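First the structure, in the form of structure tokens, and then the observations on it.
The values are calculated or read from the model by the stated rules, or taken from the named source; none is laboratory data. Because the structure is a prediction, the values reported are computed rather than measured. Quick reminder, even Gly has a Cβ in these numbers, built from the backbone with ideal geometry, and neighbours come from all protein chains shown. These accessible areas exclude ligands, DNA and RNA; they are computed on the full protein's heavy atoms, side chains included. Shrake-Rupley method; radii C 1.70, N 1.55, O 1.52, S 1.80 Å.
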Amino acid sequence: MEIHLNRVDYIQVGVTSQKTMKLLPALGKKATQKVAVADHDGIITCFGMKKGEAVPVFKTLPGQKIAKLDLGGAAGTPQEKIFVCSGSQVRGFTRKGKQFLTFEANLTESINAMHVSGADLFVCASYIYNHYCDCKDQDYYLSGDKINDITCFSSENLTRFIPVLACQDRVLRVLQGSELSYDIEVPGPPSVLELYNKDGGQEILYGTTDGKIGLVQIGEASAATKWEIDNDKKKGGILCIDTYDIVGDGVNDILVGRDDGTVEVYGFDSASEPTLRFEHVLSESITSIQGGCVGKESYDEVLTATYTGWVTGLTTEPQKAEAGPGDEVRMSKEIQTKVEALRTELEQLQVKVLQGREQYQQTSQSSTAVSAVPVFSINDKFTLCQDDASYSLTLEVQTAIDNLLLQSDVPIDLLDVDKNSAVVSFSECDSEQPNGNFLLATYRCQANTTRLELKVRSIEGQYGTLQAYITPRLQPKTCQVRQYQIKPLSLHQRTHSIDQERPMNRLSLVGQFSFAEIHSWVVFCLPEVPEKTPAGENIAFFFHNTFLGTQLEATYCKGEGHFKSDNISTISILSDVLSKEATKRKINLNISYDINDESVSYTLKMIHPKLEYQLLLARKVQLIDALKELQVHEGTADFLIPEYRNILDQSTNLLEEYKKQPAHLERLYGMITDLFIDKFKFKGQNVKSKVSSLLEILDNYELNSLLDFFNEA
Amino acid sequence: MLVPIFTLKLNHKINPRMVTVGKFDGVHPCLTAATQAGKVFIHNPHARGQRPVAHRLSQSTQDSDISLLNINQAVTCLTAGTLGPNSTGDTLLVGSQTNLLAYDVHDNADIFYREVTDGANAIVLGKLGDIPSPLAIIGGNCALQGFDYEGNDHFWTVTGDNVRSLVLCDFTGDGKNELLVGSEDFDIRVFKEDELVSEMTENETVTSLCYMHGSRFGYALANGTVGVYDRTARYWRIKSKNHAMSIHAFDLNADGVVELITGWSNGKIDARSDRTGEVIFKDNFSSSVAGVVEGDYRLDGQKQLICTSIEGEVRGYLPASKDLKGNLMDSSAEQDLIRELSQRRQNLLLELRNYEENAKGVSETNSGVGVIPANTQLQTALSVRPATEAQKAHVELSISTPNETIIRAVLIFAEGIFEGESHVVHPSAQNLSGCVRVPIVPPKDIPVDLHIKAFVGGKTSTQFHVFEITRQLPRFSMYDITVDSSDAPTIGRVTFSINDRPQRVVMWLNQNFLLPEGVDSPDITFNSLRGGGLLSISMAGNGQITLRTDDIDLAGDLVQSLASFLAIEDLSAEADFPGYFEELRTTLTEVDEFHSVHQKLTAAMADHSNYIRNMLVQAEDARLMGEMITMKKRYRELYDLNRDLINEYKIRSNNHNALLVCLKSVNQAIQRAGRLRVGKPKNQVISACRDAIKSNNVNALFRIMRAGTASS
């Protein structure tokens, strides 16, 4: 069943964080709902729509940046009290805008997730979870990794609350009081949690930063995954989820907002499988989403708030088709007054801005005055994509971006992204210079670009910093720099467990270092490790290489560290970086290796299918043009052998596949070469001179000859 | 929302930019395009199943509407139109690297087949100037040639570099067509017959040109720029990261004014308003666009815009009907307007907030904000730096702050002097200072605007102030004034007389050269930093100016620049460049040699093909007789012969390529000799040179180049 929704823009507020817009419950039966939205300027705006115009109910004074907004109220009454958190403070407002609560949580960090239920308040700072009841401290929990979101079951038949935390290390933690009850592994770092059924039930919807959605049933001692939606089309990460019956079939649909501006509605088919019913793309991150009725009575809609503060509805109300001639005129009149109001406001603003500009110019005459332009906010994300083992960098600014300068002191490749319309230009950078630049690129953006997406490919073992200088089109012109670390083992990703059966190489460190020190080294080497030193005496982390599928286990405690991997290059990189780091701090390390020769053949065998597939693909793609020409020349393809005819039939698929993975083969070759060099490095031999013969073997690839070469050399 | 009225999937690839529509029988329009394997296909859905198969034409077995034309050579350009005075339908013209074929599709016969040594990169068909019959004008390597329906060339001239695009339009507004030529040296030249009337310099190879209306025309460059010119002034342009494959003028929104339709390499089609460049319509193909043409393809009296992709997908669009009110895109204009206004309001509010916060003073002691003294002003200076051991010769742009603030990075956006469109200087954290020196090496003598953006702040700032400054780099910036004339004096020189005061020449010098303190006399000597030796300029009391340099290109640039500065319309000059002329003489003898080798090889090839015929007959005879040994022997011989032929072919093609290079340099020499003069004398030199080459009179050629006329 298809639905058609029309876009209506309501108002624009300041920059918004994730989950900062809610619909207040309707008063009467049919009346439209009011909207409460909070922004980074600290302002809560509550408004309703009257005749197509946004009428404010109340607006608070500016203050500290608001991170989350939730609704609450005494059990059994309409949930219409507005709660916001900013810094470590939680405030409560009535639906009329009267402040009735100010609560200082006394946390050292600012609150980034909050849930309100009756008199109970649940807040999370980066690693800490706190539960207050009537503003009195109840429970406390310290999580192993950053907490992104929290939700809580509070139905009446439950005697106690079950809070669930979404943690960055790809687990949902289910708590019982101050204790961890159990955790649930999810396929990506969860960014948002939502109750599937607002009236009860123990099912939770989660969304991950890599764009996956799932539903889990929380049980007493364990959880069961109901379904999962993969992110095949490589859309953005999930920022917000809501459930609402927008299709009108009596079953709640799932509304999803993503950080690339995609709004999706999932309905359920007869087999209760979620299927995509509607999709719309706005140009900026969707920070909040909710279903309800705002613009016009009896027309349901999906209300969204975006990063730059637009509150936009996707309504079931038809925009033109069903409106009679009379309606048309009224519509345009409304818009006319709206436009005129905007224009007069613009003129007034223009005058004010001119005055401001003049004053600013005048200060430049003074020798004592200083110029300090306030910091503009940037929403950025630098994440590893599992599918093609490359990093994607997204940048979003409140106003249009003028240009972007990318600078890197490590060799990286910049890949072309279709969505990105900016004109890129690479500048020459001789790395011999003392400036040490490996990449200098400028992106000149087209008008009205507020969001940029880039792709970067790194090489394991080469580490450093990528810097982005962002200049928005805003006077006085300023630019802000953001730094992103390219870690030595940049292509590794955290996982929950590894296959212990594989032949493993081991690297052991013994020395006079503290637990915090070795943890900081691991943070330096590997992505997705929490910066905070974990609680306890020792810790184990598991990783897998997104490109090759090899694995790494890191276990360490004070004075001792063990790293196990089936990939000898991983061990080699780790040992290089760790000994360098230790030397920097003048710590004497005792490094020992346990190299398993079999591991190299094992890794090669594991690479084999990928390599073979890529080689075959490359060969087929090479043939396509020639075969097509033959086909045109002969007028038919019947004379070709079936293999070639097959290539012709599949040519479009093959080309697509080939285009998807640029330089895949070169990367595989590079990794096999590294493997070769590293294998003999541990034996104390330098085999760089033999690399050319290795490449020759790779050109006429055959698994056995490659294995022989590795063994013989 | 405008949707295509027809879509076709032709199972043939289409070569980019080689698409046209022709009414070969005078009635039915047929989409005609070059495809793989040296073939041209003609799509004729109007008259099914009544075509004979003969000569070049053969029916495609894949699709009954398509007939294939065998050219047996890689096609480089094609067009269709009325060429002959009494032919019923359009003539198809197909150009390759060596030939031009005029073909009558309806009668299935060649009209003419001419060898064109300069190749045909672009072709246009139509009337030019006062020439009575329509011409097929082809642009090749530095040369332009126009043929009438009998294959006689009525038009010939040279241009600065390889021609990439051609269009005929009434540029001057005199009711007659001028020829616009886009070439690889980034220039768009306008020819009124063989007289060059205007020249516009762009910053990349001009890949497409199209006539819009009035004196307006559209253009596309190899770097992804498309735009519109009105006469010599650029109206607007936009740049994309994709490449424009084809441009075409078509009135898609039915408002009476054509829009510029662009087909892009990523498969996008967009229509832009001719006045503003605003997009009024866009659509997407799954593969790169090959060509955009128009024609009444449904035979209902309405012209359609026909877009084709390289994979053979074809879409036709009708101009929008009235009820769309020019709104071709799927969005509500009112909502967009409100959104845009709100966006502007938001921007102004943010700017206001910036000023307010700034006026409040620095409450935060946070150094990350990048506080700088309000009176910070950037100083920029341009200077010429001769080569040292560490660095090549360059123009140095130095940017400095007057106080303790530092420059984090400098971005310079400029066209045509960097590899991309920008150059970045980003010192490492240890080398941060208040002064940045940027070496610039402009590859050509062109004036360039440098748009400088400097990020200024403190050493540990994360936010910087952006200073935006524009500086102009003068045309002749890579020349260092020198007093030391001990170097070997140059022998090459060009002399001409002007009726102007020396002060005006001094003004020209000061504007076009990078002189540290300016000069007050027109007698001056420079050192070319590109290694071209000395350049000296002197002016005698009677207004005679002598330029001494061994670089004939530089001399030409100087003459053109000075003439346009002094607004001289006609200027004749005497020139002598012994070094260059000597080179040219060698080239000319080489051309002769290559020609004779070519003839010999052609004869040898004919011999070989005779042999092959004989041998094949003998071998087949032997097979029929059952003499297997003889047959094997014959076939082995045949195989050897084949190998020889392939080798010979390689030699031939090398010979041909070398010949092309020589011919190009001869054409360039004529162009260069022309550039030493302005206006009428220039055209005289070019046509006289051409005549000299035609009559193979080498001495006359040099005499013309020196004196500017044939008779003396």
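Within the stretch B:70-91, if we keep just the residues that are closer than 21 Å to A:Gly635 by Cβ and at pLDDT 85 or above, the residue that is least open to solvent (accessible area, probe 1.4 Å) turns out to be B:Val75. Of the residues A:Ser514, A:Ser490, A:Ser508, A:Ser427, the single one that is among the small types (Gly, Ala, Ser), more than 11 Å from chain B (Cβ to nearest Cβ) and buried (at least 21 other Cβ atoms within 10 Å of the Cβ) is A:Ser490.
If you go through the stretch A:430-463 and keep only what is under 17 Å from B:Ala409 (Cβ atoms), out of contact with any Ser or Thr (no Cβ under 7 Å at 6 or more places or on another chain) and more than 10 Å from chain B (Cβ to nearest Cβ), you end up with A:Asp430, A:Ser431.
Is there a residue in the stretch A:658-673 that is of a type in the set (A, V, I, L, M, F, W, C), surrounded by 13 or more Cβ atoms within 10 Å (Cβ to Cβ) and over 30 Å from A:Ser599 (Cβ atoms)?
Within the stretch A:658-673 (the criterion being of a type in the set (A, V, I, L, M, F, W, C), surrounded by 13 or more Cβ atoms within 10 Å (Cβ to Cβ) and over 30 Å from A:Ser599 (Cβ atoms)), the answer is no, since none of the residues qualifies.
State whether one or more residues within the stretch A:102-115 are open to solvent by 70 Å² or more (accessible area, probe 1.4 Å), assigned by the TED database to the domain that holds A:Arg173 and touching a Lys or Arg at 6+ places or on another chain (Cβ under 8 Å). Yes, the stretch A:102-115 contains at least one residue that is open to solvent by 70 Å² or more (accessible area, probe 1.4 Å), assigned by the TED database to the domain that holds A:Arg173 and touching a Lys or Arg at 6+ places or on another chain (Cβ under 8 Å).
Look at A:Tyr443 and say whether it is touching a Cys at 6+ places or on another chain (Cβ under 9 Å) and either open to solvent by 10 Å² or more (accessible area, probe 1.4 Å) or outside any loop (DSSP other than H, G, I, E, B) (or both). No: the conditions fail for A:Tyr443. Scanning the stretch B:530-540 for residues that are open to solvent by 30 Å² or more (accessible area, probe 1.4 Å) and more than 11 Å from B:Leu554 (Cβ to Cβ) returns B:Gly531, B:Ser538, B:Ala540.
Taking strands (runs of 3 or more DSSP E) as the structural unit, those lying wholly within the stretch B:415-525 and holding at least 2 residues that are open to solvent by 10 Å² or more (accessible area, probe 1.4 Å) and away from chain A (no Cβ under 13 Å) correspond to B:463-473, B:479-481, B:493-497.
Checked against (1) under 20 Å from the mean Cα position of the chain (by Cα); (2) in a strand (DSSP E or B); (3) more than 21 Å from B:Ser183 (Cβ to Cβ), B:Lys282 meets all criteria but (1). Evaluation of A:Asp649 against the conditions (1) touching a helix residue (DSSP H, G or I) at 6+ places or on another chain (Cβ under 6 Å); (2) without any contact (Cβ under 8 Å) to a residue 24 or more places away in the chain; (3) not hydrophobic (A, V, I, L, M, F, W, C) shows that the sole unmet condition is (1). Restricting the stretch A:463-487 to residues that are part of a strand (DSSP E or B) and of a type in the set (A, V, I, L, M, F, W, C), the residue that is surrounded by the most Cβ atoms within 10 Å (Cβ to Cβ) is A:Cys479. Counting residues in the stretch B:251-258 that are within 14 Å of another protein chain (Cβ to nearest Cβ) and either at pLDDT 90 or above or farther than 23 Å from A:Lys419 by Cα (or both) gives zero.
When you scan the stretch B:109-120, do you find a residue that is under 21 Å from the mean Cα position of the chain (by Cα), among the aliphatic types (A, V, I, L, M) and not in a strand (DSSP E or B), even just one? Yes, that holds for at least one residue. Against the numbered list (1) touching a Cys at 6+ places or on another chain (Cβ under 9 Å); (2) within 13 Å of chain A (Cβ to nearest Cβ), B:Ser400 comes up short only at (2). Between B:Gly160, B:Gly151, B:Gly175, the distinction of being open to solvent by 60 Å² or more (accessible area, probe 1.4 Å) and outside any strand (DSSP E or B) belongs to B:Gly175 only. Among the criteria (1) at pLDDT 90 or above; (2) open to solvent by 40 Å² or more (accessible area, probe 1.4 Å), the one A:Leu405 does not fulfil is (2). Restricting A:Leu405, A:Leu414 to those that are more than 9 Å from every other protein chain (Cβ to nearest Cβ), of a type in the set (A, V, I, L, M, F, W, C) and not in a helix (DSSP H, G or I) reduces the list to A:Leu414.
Set side by side, the residues B:Thr82, B:Thr159, B:Thr91 differ, and just one is among the hydroxyl-bearing types (Ser, Thr, Tyr), in contact (Cβ under 8 Å) with a residue 24 or more places away in the chain and within 30 Å of B:Ala669 (Cβ to Cβ), which is B:Thr159. Within the stretch A:56-90, being among the aliphatic types (A, V, I, L, M) and surrounded by 20 or more Cβ atoms within 10 Å (Cβ to Cβ) holds for A:Ile66, A:Ala67, A:Leu69, A:Ile82, A:Val84, A:Val90. Out of B:Asn203, B:Asn242, B:Asn253, one residue alone is farther than 30 Å from B:Glu569 by Cβ and either touching a residue at least 60 places away in the same chain (Cβ under 8 Å) or open to solvent by 60 Å² or more (accessible area, probe 1.4 Å) (or both). It is B:Asn253.
Residues that are over 25 Å from B:Ala290 (Cβ atoms) and open to solvent by less than 10 Å² (accessible area, probe 1.4 Å): does the stretch B:99-111 have at least one? Among the residues of the stretch B:99-111, not one is over 25 Å from B:Ala290 (Cβ atoms) and open to solvent by less than 10 Å² (accessible area, probe 1.4 Å), which makes the answer no. Scanning the stretch A:488-509 for residues that are touching a residue at least 60 places away in the same chain (Cβ under 8 Å) and in a loop (DSSP other than H, G, I, E, B) turns up A:Pro488, A:Leu489, A:Ser490, A:Leu491, A:His496, A:Arg502, A:Pro503, A:Met504. The set of residues from the stretch B:201-226 being within 17 Å of B:Ile261 (Cα to Cα) and hydroxyl-bearing (Ser, Thr, Tyr) comprises B:Thr207, B:Ser208, B:Tyr211, B:Tyr219, B:Thr225.
Of the strands (runs of 3 or more DSSP E) lying entirely inside the stretch A:206-301, those containing at least 1 residues that are out of contact with any Lys or Arg (no Cβ under 7 Å at 6 or more places or on another chain), among the aliphatic types (A, V, I, L, M) and open to solvent by 40 Å² or more (accessible area, probe 1.4 Å) are A:223-229, A:274-281. For B:Arg585, are the conditions met, namely being more than 27 Å from the chain's Cα centre (by Cα) and surrounded by 18 or more Cβ atoms within 10 Å (Cβ to Cβ)? Against the criterion (more than 27 Å from the chain's Cα centre (by Cα) and surrounded by 18 or more Cβ atoms within 10 Å (Cβ to Cβ)), B:Arg585 does not qualify. Among the residues of the stretch A:533-550, those that are among the polar types (S, T, N, Q) and open to solvent by 10 Å² or more (accessible area, probe 1.4 Å) comprise A:Thr533, A:Asn538, A:Thr546.
Scanning the stretch B:619-662 for residues that are among the polar types (S, T, N, Q), surrounded by fewer than 15 Cβ atoms within 10 Å (Cβ to Cβ) and within 20 Å of B:His608 (Cα to Cα) yields B:Asn642, B:Asn647, B:Ser653, B:Asn654.
Looking at A:Glu345, A:Glu340, just one residue is within 11 Å of another protein chain (Cβ to nearest Cβ) and open to solvent by 80 Å² or more (accessible area, probe 1.4 Å), and that residue is A:Glu340.
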